[in-house]
Amino acid sequence: MSDDTIAPPRSTAAEAPPPSGAPATAPSSARSRRVLGAAAMVAALAVPLVLPFYVDAFWLRIGLFAMAAAVGALGLTILFGAAGQLSLGHAFFVAVGTYGYGFLAGDDHGQVKGLGLPPLLAAVLAILFAGLCGLLFSPVASRLRGIYLGIASLGLVFLGHHLLLNLPAVTGGYDGRSVEPFALGGFTFSDVSDRLVLGIPFGAVESLWYLFLAVTVVATLVARNVLRGRPGRAFRLMRDSEVGAAAMGVRVQRAKAGAFVLSSMYAGTAGVLTALAFQRAVPDYFDLQLSIDFLAMIILGGLGSTSGALVGATFVIALPIVLSRYADVLPLVVAPGQEGIQASFAATFVYGVLVVIVMLTQPGGLRAMVHSLRDRRSTAH
């Protein structure tokens, strides 16, 4: 018997019609979703690159503050969202990064001292110093969890605020200290009147935009790789059950210490960016309210989500500034110095209410809410 008699015709499977009820357009719809996803990714990358050419400096400055806060929120996402370690001392490590950079990069100005190091070296050392502070606190962090760790870390905020007020040679005391502009390769990120790019004046805000954007992208990629890799799996096992994590081979105390050190370095990076965005360091900014704001960012955005940390940071930072900007046209909100509901209080009330609503209705945060709406829309179609 020849092979021709037993081999089925090759065209039979190709020409056979799809079964009744099968979606004939599934490949094309999947292809269109991939195309739309690629287009959205390209837009997400391209839009931030061109914003300085079309957006007013006011909105760019909000973006700088939001990106600085987002980096700090990424660190808390690793520590609390993934590892389950509640920390109320995040503001302390942000202050270490801010004043560390200010002292290392600054020069002597009267009673306020500085080492005058190159800004890039000063920024790296400030981040490492924040990590060192986290390492020094890690023995406490490795032995506590939950509200007990939160209370212990709360002491860092009060200790840090006391040091900021009583070390005037380093911090400038109550009045704070100025911050040296960042410089890289002979390029200074400061206001220079004759610097034009495509006919657009590029001052400190426009120049810092790309620096902050690069740091935020790198910090997001690192955090995403950590959470998706073996450290992230160990953190989540430890968060769910320390006994179970130990049984799976996770060295719990080392994992806790590692999460705290990494989170501290993220906070130190946020502190350096905060110093460059404000161009001044003031002690009253680094109080308990800042730590609570960071918690609100990751809860609103979605615990354990890097994209949620970015969204939550942008919302929490931008809301009070926008409310203050448009206080004249908004009901019940007044401009600073007037009698009534201040913009900062109104913003705190708004995202406080949102935190309660999110925790009750959508524990995954704004990110999960957006995904849920998108899934409902695709199901409806």
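Before moving on, here are some points about what is shown:
- Test: VAL316 is without any contact (Cβ under 8 Å) to a residue 60 or more places away in the chain and crowded, with 20+ Cβ neighbours inside 10 Å: no
- Members of the stretch 297-311 that are modelled with pLDDT under 90, assigned to a helix (DSSP H, G or I) and open to solvent by less than 10 Å² (accessible area, probe 1.4 Å): LEU300, GLY301, GLY308
- For beta carbons closer than 7 Å, sequence separation of 6+ or different chains, a first residue in the stretch 337-361 that is without any contact (Cβ under 8 Å) to a residue 60 or more places away in the chain and a second that is open to solvent by less than 70 Å² (accessible area, probe 1.4 Å) and of a type in the set (Ser, Thr, Tyr), the qualifying pairs are ALA343/SER324.
- Residue ID - modelled with the highest pLDDT, chosen from residues in the stretch 195-212 that are in contact with a helix residue (DSSP H, G or I) (Cβ under 7 Å, 6 or more places away or on another chain), of a type outside the set (Phe, Trp, Tyr) and crowded, with 18+ Cβ neighbours inside 10 Å: LEU208
- The stretch 78-132, residues that are open to solvent by less than 10 Å² (accessible area, probe 1.4 Å), over 20 Å from PHE278 (Cβ atoms) and part of a loop (DSSP other than H, G, I, E, B): ALA83, GLN85, SER87, GLY89
- Matching residues, the stretch 276-285, being buried (at least 17 other Cβ atoms within 10 Å of the Cβ) and either free of Cβ contacts under 8 Å to residues at least 12 places away in the same chain or assigned to a helix (DSSP H, G or I) (or both): LEU276, ALA277, PHE278, PRO283, TYR285
- LEU288 vs. criteria at pLDDT below 95, closer than 30 Å to LEU164 by Cβ and either touching a Ser or Thr at 6+ places or on another chain (Cβ under 9 Å) or crowded, with 24+ Cβ neighbours inside 10 Å (or both): no
- Leading residue by the ranking (most open to solvent (accessible area, probe 1.4 Å)) among those in the stretch 319-332 that are in contact with a strand residue (DSSP E or B) (Cβ under 7 Å, 6 or more places away or on another chain) and assigned to a loop (DSSP other than H, G, I, E, B): LEU332
- Residue satisfying all of: in the stretch 133-151; assigned to a helix (DSSP H, G or I) and free of Cβ contacts under 8 Å to residues at least 60 places away in the same chain; least open to solvent (accessible area, probe 1.4 Å) among these: VAL140
- Residue that is nearest to the chain's Cα centre (by Cα) [pool: residues in the stretch 252-285 that are closer than 13 Å to ALA83 by Cβ and basic (Lys, Arg)]: LYS256
- Of all residues in the stretch 157-168, exactly one satisfies the criterion of being open to solvent by 20 Å² or more (accessible area, probe 1.4 Å), touching a Gly at 6+ places or on another chain (Cβ under 8 Å) and either touching a residue at least 24 places away in the same chain (Cβ under 8 Å) or β-branched (Val, Ile, Thr) (or both), namely LEU165.
Condition check ((1) among the aromatic types (Phe, Trp, Tyr); (2) buried (at least 24 other Cβ atoms within 10 Å of the Cβ); (3) free of Cβ contacts under 8 Å to residues at least 60 places away in the same chain) across all residues:
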| site | (1), (2), (3) |
| --- | --- |
| ALA214 | no, no, yes |
| VAL226 | no, no, no |
| GLY229 | no, no, yes |
| ALA246 | no, no, yes |
| GLN253 | no, no, no |
| SER264 | no, yes, no |
| GLY271 | no, yes, no |
| THR274 | no, yes, no |
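The values are calculated or read from the model by the stated rules, or taken from the named source; none is laboratory data. Since the model is a prediction, treat every value here as computed from it, not as a measurement. Cβ coordinates were reconstructed from backbone atoms using ideal geometry, including for glycine residues, and neighbour counts include every protein chain displayed. For the accessible areas, the whole protein counts, side chains as well, though only heavy atoms, and no ligand, DNA or RNA atoms are used. Shrake-Rupley method; radii C 1.70, N 1.55, O 1.52, S 1.80 Å.
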